[in-house]
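The values are calculated or read from the model by the stated rules, or taken from the named source; none is laboratory data. The structure presented is a predicted model; accordingly, all values stated were derived computationally and were not measured. All Cβ positions, even for glycine, are placed from backbone atoms using ideal geometry, and neighbour counts span all protein chains on display.
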Amino acid sequence: MPQPTLIPHDKGMVSTTATIGDHVTLGTNSRVWHQCIVYGTEKRPVHIGKDTQIGSQSHIKPGVTIGDYCRLQDGISIPDLVTLGNYVFVGPRVTFTNDLFPTVAKILAHSYKELETIIGDHVTLGASSTIICGITIGAFAQIGMSAAVTKNVPPFAVVAGVPARILGDVRDEKYRIKYPELIPLYERTYKSLSDKTPINTKQ
Ligand SMILES: CC(C)(COP(=O)(O)OP(=O)(O)OC[C@H]1O[C@@H](n2cnc3c(N)ncnc32)[C@H](O)[C@@H]1OP(=O)(O)O)[C@@H](O)C(=O)NCCC(=O)NCCS
């Protein structure tokens with residue numbers, strides 16, 4: 001299949017089939033692929049870091065920040081006030097939320113209550129997982145496919161299920177074999193974080 005044509009936007013490149021609104025900054029070597037919709041506002045700009053890829057048919061709304069070296073797969077909807085750190089992998093069809101109890105009546109009354117959601121560095125969000133708003137997912141956490149994440153996830157936790165429960169820790173022997181590429185990263189860069197953060201696998 002031929003690649004869609006890319007044109008420059010800010011410091012990166014976007015598909016000619018993507019719609020990029022105002023107040024969107026794109027870092028060096030980043031790409032926004034075909035049929036994406038990305039727009040910010042003056043009060044809520046969108047920032048996408050360097051060397052990050054946004055998969056086709058994704059929709060990114062005002063106030064979203066995406067770090068460096070992220071890989072977002074296809075068809076991802078990111079509403080206002082979601083922040084992704086660096087090296088975040090977002091599987092296809094991941095869903096974020098931004099109001100715990102949305103109703104049309106609230107929207108019409110302008111009382112929609114958006115909560116901020118923060119995804120740490122090196123997190124993976126499995127395919128079709130759904131992330132409740134107002135939570136933090138700690139660095140290196142691995143979220144299973146189709147998980148419904150309803151509360152904060154500690155750094156390094158491996159979680160899955162509906163609602164998501166902790167299966168283990170990426171530093172466990174079982175997961176060190178499965179994620180060998182992460183070992184030098186957390187042992188070197190995130191040692192202090194690992195020292196401070198005990199993982200409760202019985203949650
Ligand atoms: C969550 C995950 C990391 C767990 O890996 P794991 O611990 O090696 O998985 P295991 O096969 O050892 O399974 C452990 C248990 O969790 C269950 N489990 C695994 N993944 C699950 C999931 N996503 N949802 C619900 N339960 C899951 C298994 O059935 C098993 O249960 P059991 O002990 O009752 O038999 C992995 O299954 C996963 O979902 N990875 C994400 C894949 C993905 O979305 N890739 C996107 C690429 S585009």
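Residue 103 satisfies every condition listed in (1) of a type in the set (Val, Ile, Thr); (2) more than 26 Å from residue 49 (Cα to Cα); (3) in contact with a helix residue (DSSP H, G or I) (Cβ under 7 Å, 6 or more places away or on another chain) except (3). Go through the residues of the range 101-114 one by one and say whether even a single one is modelled with pLDDT of 95 or more, within 12 Å of the chain's Cα centre (by Cα) and of a type outside the set (Gly, Ala, Ser). No, every residue in the range 101-114 fails to be modelled with pLDDT of 95 or more, within 12 Å of the chain's Cα centre (by Cα) and of a type outside the set (Gly, Ala, Ser). For the range 19-38, the set of residues classified as farther than 20 Å from residue 69 by Cα, in contact with a strand residue (DSSP E or B) (Cβ under 8 Å, 6 or more places away or on another chain) and assigned to a loop (DSSP other than H, G, I, E, B) consists of 21, 23, 35, listed by residue number.
Within the range 47-64, the set of residues being assigned to a strand (DSSP E or B) and buried (at least 19 other Cβ atoms within 10 Å of the Cβ) comprises 48, 54, 60. It is to be established whether one or more residues within the range 69-89 are of a type in the set (S, T, N, Q), in contact with a strand residue (DSSP E or B) (Cβ under 7 Å, 6 or more places away or on another chain), assigned to a loop (DSSP other than H, G, I, E, B) and crowded, with 17+ Cβ neighbours inside 10 Å. Yes; the residues of the range 69-89 include at least one that is of a type in the set (S, T, N, Q), in contact with a strand residue (DSSP E or B) (Cβ under 7 Å, 6 or more places away or on another chain), assigned to a loop (DSSP other than H, G, I, E, B) and crowded, with 17+ Cβ neighbours inside 10 Å.
Of all residues in the range 155-203, those satisfying the criterion of being modelled with pLDDT of 95 or more and in contact with a Lys or Arg (Cβ under 7 Å, 6 or more places away or on another chain) are 156, 159, 168. Of all positions in the range 108-116, at least one carries a residue that is touching a helix residue (DSSP H, G or I) at 6+ places or on another chain (Cβ under 9 Å) and in contact (Cβ under 8 Å) with a residue 12 or more places away in the chain.
A Cβ distance below 8 Å, combined with a sequence gap of six or more or placement on separate chains, defines the contacts here; from the range 147-161, residues that are aromatic (Phe, Trp, Tyr) reach residues that are assigned to a loop (DSSP other than H, G, I, E, B) and more than 10 Å from the ligand (Cβ to nearest atom) in the pairs 156/138; 156/139; 156/140; 156/141; 156/171; 156/197; 156/199.
Just so you know, in the range 171-190 the residues that are part of a loop (DSSP other than H, G, I, E, B) and either more than 16 Å from the ligand (Cβ to nearest atom) or charged (D, E, K, R) (or both) include one that is surrounded by the fewest Cβ atoms within 10 Å (Cβ to Cβ), and it is 189. Each residue in the range 1-24 was checked for being crowded, with 16+ Cβ neighbours inside 10 Å and under 21 Å from residue 88 (Cα atoms), and 4 of them qualify.
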